[in-house]
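Quick note: the coordinates plus some simple rules give every number you see, no bench work behind them. Just so you know, these numbers come straight off a predicted model, no measurement behind them. In this analysis, Cβ positions are derived from the backbone assuming ideal geometry, glycine residues included, and neighbour counts consider all displayed protein chains.
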Amino acid sequence: MTFLAAAFIGLWLLVMAYVIYLGQRQGQLEQELHSLEEAMTDRGRQ
Amino acid sequence: MSTSTLTATTTSATRQRSNHIGWLILSTLTMLAMGALMGAALLYAKPATNLAGTEQIAQRIFYLHIGSVVGAFIAFLLSLIGSIVYLIKRDLDWDRVTQASVEVGIILGASTTLAGAIWSKPTWNTYWTWDPRITTTTITLLLYIAYLLFRNGIDNRQTRARFSSIYALFAFLSVPLTYYSARWFRSIHPIVFNGANPDAQGSFNIGATMLQTLWVATLAYCLLFSTLLIFRWRQLRLQDRIEALREELE
């Protein structure tokens, strides 16, 4: 039972770690896009 | 804002919203399929009759092992297709398909290796052995990890896409080698599809409920691959858009 549990938990952790990485990266990119858009608007006003 | 610009913006926003809803439906289906796989692998599939004790319980790892290897195979195959289409069309969207496929393929390939290593302890009495199948799988994974490192070393976007597509073409050669390794070389790894290995240790006959669970595993991992691929592909597109905006500002 230990091996079965270890394999199932291990595989889920691996996939979850990648999903978390993707989520964090998405947050960073959206923030970056927002600040770039603001910078472009500021430049447009000037 | 002119009428045509307004129409184009509205159309683009509508398309983005419908794409997002499509992806949400796909991810819900993936979660349901993965849940069904857990239930089928742990409860529905009958145990292998020729195995006993710990080996019989650990045999249920098989469904995740095969599911993830099918997902990894599709991922690497799509990376090959993506790189060929990029080299023909020079469309960066296909380069993004290749990169996203490789990343997801590495995750699924690592899952296969991890599941196999844990399963081999009660079956082969060791977590790791330099069996041809395991060795070629490791080489394949390392080759694709090197693909990602190689990409990071090239600054120019088009040059990066061109050279990494050529690399991905050659890296795929290790995939059929991995598949045939248990047939061509002396291996203790069982052969599941099209054939049998007389030297295999831990083999078992696949009954009706096992086969059905295997189909659920294949479907669940294909859905998981598609969900992750689409999300990552869109993310890479956003990343390139940010790069373009930054260059425009400078």
Where the Cα pairs of chain B fall when distances are cut into 10 Å bins, in %: 7, 26, 30, 21, 11, 4, 2, 0
Looking at the P(r) of chain A, how many percent of alpha-carbon pairs lie beyond 15 Å? 64
Compute the acute angle (0 to 90°) between the alpha-carbon long axis of helix B:157-171 and the principal axis of greatest extent of the alpha-carbon atoms of chain B; round to the nearest 10°. 20
In whole angstrom, how far apart do the alpha carbon centroids of region B:65-94 and region B:96-153 sit? 16
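Can you list the trypsin sites (Lys or Arg not before Pro) in region B:136-174 that are in a DSSP coil and have 14 or fewer other beta carbons within 10 angstrom?
Working: sites: B:151, B:157, B:160, B:162; in loops: none.
Sparse-neighbourhood loop trypsin sites (Lys or Arg not before Pro): none present.
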Name the residue farthest towards the positive end of the dipole of the protein assembly as shown from the options B:18, A:4, B:50, assuming +1 on Cβ of Lys and Arg, -1 on Cβ of Asp and Glu, about the Cα centre. B:50
Across region B:158-250, how large is the tail of the calculated P(r) beyond 19 Å, expressed as a percent of all Cα pairs? 69
For chain B, with only Lys/Arg (+1) and Asp/Glu (-1) charged at the beta-carbon, what is the dipole magnitude about the Cα centre, in debye rounded to 20? 240
Compactness relative to 2.2 N^0.38 Å, alpha carbon Rg of the protein assembly as shown: 1.16
Suppose every Lys and Arg Cβ carries +1 and every Asp and Glu Cβ carries -1, with no other charges. What dipole size does the protein assembly as shown come out with about its Cα centre, to the nearest 20 debye? 480
Using only Cα atoms and rounding to the nearest 10 degrees, what angle (0 to 90) does helix B:174-184 make with the longest principal axis of chain B? 10
Would you kindly compute the Cα radius of gyration of region B:95-168 and its largest Cα-Cα separation (Dmax), both in Å? 15.4, 49
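If you place +1 on the Cβ of every Lys and Arg, -1 on the Cβ of every Asp and Glu, and leave all else neutral, what size is the dipole of chain A about its Cα centre, to the nearest 20 Debye?
On the way: 3 positive and 5 negative charges, 28 e Å.
Around 140 debye, computed over chain A.
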Just report the Cα centroid separation between region B:210-250 and chain A, whole Å. 12
Could you compute Rg(Cα) / (2.2 N^0.38 Å) for region B:9-111, with N its residue count? 1.49
